[in-house]
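Peer 1: This is the structure, below, for whatever I ask next.
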Amino acid sequence: IADAGRDYEHALGLEPNNVAALAALASIHARQGRPTEAQTLAEHALSIEPGNLLASNALAQVALEARNFEGAVALLEPVAAKDEGPRDTLVNSLTLLGDALEGVERFDEAYAAYSRAQAMFEQFHSERLLDESGGSQAFLERIGTPGIDYYDSLPTPGAAANHAYRSGDAMGTQTAAD
């Protein structure tokens, strides 16, 4: 993270209003426990590009670290309602929202946010795998394991997990564990 932070600081030295660099550095500072720097950078990014997801997530992270759960919910609920933007960033937004909702004891809504995040994460990565591999059959042919897919290589903890694996098992080959 430190190397990435230096790279973003260098980029900001060249272009001080680069929203992507401001938001990314704000996120790094939030993760490093540097809330003042994170908040300043994220607010600057949002003043240039209102609604920037990375900057909103960094501010929400600062609020969560300060145990300001209501503030984090206020930042993230509009993001979740719009459901627009890069999928990986939205997954992070929904996860942070779940954390914030837990903090205000809105457990059913927290569960819903976490569930949306997981579904979006699985869809995003499934689509990316298929895009990169040329489709599931091309992927299987390339790795040379006919009739076996990714889900078959996972350790299955038991029959209860079988449904979860089958929901993403393109070849339908996953079976319940013994």
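Nothing in this text is a laboratory measurement; each read-out follows from the coordinates by a stated rule. Computed from a predicted structure; not experimentally measured. Please note: Cβ atoms are built from the backbone with ideal geometry, for glycine as well, and neighbour counts cover all protein chains shown.
Peer 1: Under the Karplus relation 6.51 cos²θ - 1.76 cosθ + 1.60, θ = phi - 60°, what is the ordered set of whole-Hz ³J(HN,Hα) values for the range 30-45, x standing for Gly and Pro?
Peer 2: The phi angles translate into 4, 5, 8, x, 10, x, 5, 5, 4, 5, 4, 5, 5, 5, 5, 4 Hz.
Peer 1: To one decimal place, what Kirkwood hydrodynamic radius in Å is obtained for the range 88-130 from all pairs of distinct Cα atoms?
Peer 2: Across the range 88-130, the inverse of the average 1/r is 10.4 Å.
Peer 1: A further question follows. Using r as the Cβ-Cβ distance of ASP3 and GLU65, and R0 as 25 Å, what FRET efficiency do you calculate, to the nearest 0.05?
Peer 2: Between ASP3 and GLU65 the formula returns 0.65.
Peer 1: Label LEU14 and TYR111 with points 7 Å out from Cα along Cα→Cβ: what is the distance between them in nm?
Peer 2: Result: 4.9 nm between the two label points.
Peer 1: Roughly speaking, what is the stretch gain from SER47 to VAL104, that is 0.36 nm per residue apart minus the C-alpha to C-alpha distance, in nm to one decimal?
Peer 2: Length gained, SER47 through VAL104: 17.7 nm.
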